[in-house]
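First the structure, in the form of structure tokens, and then the observations on it.
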């Protein structure tokens, strides 16, 4: 493993004339990939070449690429014919992972409309807020979401297409299946402006109202190309690992269990598979035993998930047996991983192509990435900044901190959102002169690897000493018997704030408070040891993207 060898591979991939050629504009705007698609229609249409290959598997449904595109074209034709859908109008999707979600996404963009993927885990007021805030004039949803929103949709008579509807549908609804069975209608060929909005994705606010991040066609096209670059770089820099996969003879198949309304599900799994001709196994919802059944039966080769999902997968006695023999790629995202998860991953599957990345909804998931041999070298980091990304650390991007110094992470790239929808003040706070204030804290080491150490909003101020909640959590997750952890501020009459810590585990195996404090005291400074530990036997509450809902947790614990 040599940094020089990796840097050489990197330079070859982005050189003039290379597939991932990077252009540096003279006017100081961000670098970009010369050969990225012009707009999202090009991204979507790229998958049409895969023809009769199997593309989607979900429960008893199986679709080839041709069958998928037939449904996309039919739905797009119906949305224009029935609803007069115009370019630039917003169309929302609210349903759990299933093929109709992916058909709807492509059909909406095919009409030149703006896709608004809603959090299907959201409660009625969250869904209703996003529908109203985005001004969506059409909704595609499943029966469960129709039941949740029925009163609101009826009051507003919002045109709704229902997937797998049960019983008689309200008068403002049409059946998705009935629309697809109609004869195909033609869809006009559109000339898309790359800077026009393609998508509004609501951020998973763990505390405040979710904000709609508006992404242009150009931003998503550059993001998808950055993901392709990372795959190519991983293959070039880890030839032995890639050789094992190629020689296995298994067809590339991704097990997709993260929600499609999140950038990691939408960009890194769906759009990457669509363009690359990979098979997608969709899970309706995460269940570790069901996941292993699918890996075994469908010979899945790749799984990407939040660290808590990976932890459950690695802990299963069936993992690492013949049942997961086809699984060569394991990707982590969503939050920091504990050292034990990383160690287990590399110990149980030494040939694995492990990977992780760092990005936000506001950056279309793009920031830094790491995979293959690099991941073995520095598994606890998020890797190098992707070639079109600038990363600076500090209170402002104009005065970056030197290597090794922690501070706020700023990102600049062509993948950044244009703005928050209808929120000029919040947009101006987050986007400054082309730089995104991520709200995350981290540092770059002397080899350029990025480490994430916490969130600005999750710093606990104990008598003037700033403590990262993530650092305390990462530490205690290495303790046997602790499955999940969340650190947060609790009131202290003398110091203002002190560290509170909730830990989840199984009844017989979860350590006592004194043992937990002693474990942390051996590894971290004394002022970082929790003042109070809450032992919790139920899994910690999380939002759809896997982030712990700390405000809800503090309330339930009376902290």
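Coordinate-derived values only; no laboratory data. Bear in mind that the values here come from a model prediction, so they are computed numbers and not experimental data. When we count neighbours, we look across all protein chains shown, and the Cβ atoms used for this are built from the backbone with ideal geometry, even at glycine.
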Task: Ratio of the Cα radius of gyration of region 63-210 to 2.2 N^0.38 Å, where N counts its residues - done: 1.00
TODO: Would you order 275, 31 from fewest to most other beta-carbon atoms within 10 Å of each residue's own beta-carbon?
DONE: 31, 275
TODO: Go through 502-515, 401-414, 277-290 and give me the packing order, highest mean Cβ count within 10 Å leading.
DONE: 401-414, 277-290, 502-515
- [ ] Using DSSP, restrict attention to beta bridges with both residues in the chain and report what percent are antiparallel, rounded to the nearest 5.
- [x] 55 percent
TODO: For the chain, calculate the relative contact order in percent as a whole number, restricting contacts to Cα pairs under 8 Å that are 6 or more residues apart.
DONE: 12 percent
TODO: Take region 422-473, drop everything but the C-alpha atoms, weight them equally and run the Debye formula without solvent; then report log10 I(q)/I(0) at 0.27, 0.28, 0.29, 0.30 Å⁻¹ to two decimals.
DONE: -0.99, -1.01, -1.03, -1.05
Task: Cα centroid of region 455-472 to Cα centroid of region 481-519, whole Å - done: 15 Å
TODO: Take region 1-106, compute every pairwise Cα distance, and split them into 5 Å bins from 0; I just need the percent in each bin.
DONE: 2, 9, 13, 15, 13, 11, 11, 12, 9, 3, 1, 0
TODO: Go ahead and estimate [θ] at 222 nm for the chain from helices alone: -39,500 (n - 2.57) per DSSP H run with n ≥ 4, summed, over the residue count, rounded to 500.
DONE: -10000 deg cm²/dmol
TODO: Kindly put 173, 111 in sequence by how many other C-beta atoms sit within 10 Å of each C-beta, fewest to most.
DONE: 173, 111
Task: As computed over region 463-557, the Cα convex hull volume per residue (Å³) - done: 99 Å³
TODO: Work out how far the C-alpha atoms of region 315-412 reach from end to end along every principal axis, then list the three figures in whole Å, largest first.
DONE: 53, 25, 21
TODO: Express the relative contact order of region 314-426 as a whole percentage, based on alpha carbon pairs under 8 Å and six or more residues apart in sequence.
DONE: 18 percent
TODO: Quick one: Debye curve from the alpha-carbon atoms of the chain only, equal weights, vacuum; give me log10 I(q)/I(0) at q = 0.07, 0.08, 0.11 Å⁻¹ to two decimals.
DONE: -0.40, -0.53, -1.05
Task: Packing rank of 493-501, 90-98, where each peptide gets the mean count of other beta carbons within 10 Å, highest leading - done: 90-98, 493-501
TODO: Any chance you could check the Cα centroid distance between region 179-201 and region 382-412 for me, in angstrom?
DONE: 37 Å
Open item on the list: I'd like the antiparallel share, as a percent to the nearest 5, of DSSP beta bridges with both residues in region 235-394.
Closed with: 30 percent
- [ ] Mind ranking 432-441, 482-491 by how tightly packed they are, going by the mean number of other C-beta atoms within 10 angstrom, highest first?
- [x] 482-491, 432-441
Open item on the list: Test of understanding: ordering 524, 139 by Cβ neighbours within 10 Å, fewest first, what list do you get?
Closed with: 524, 139
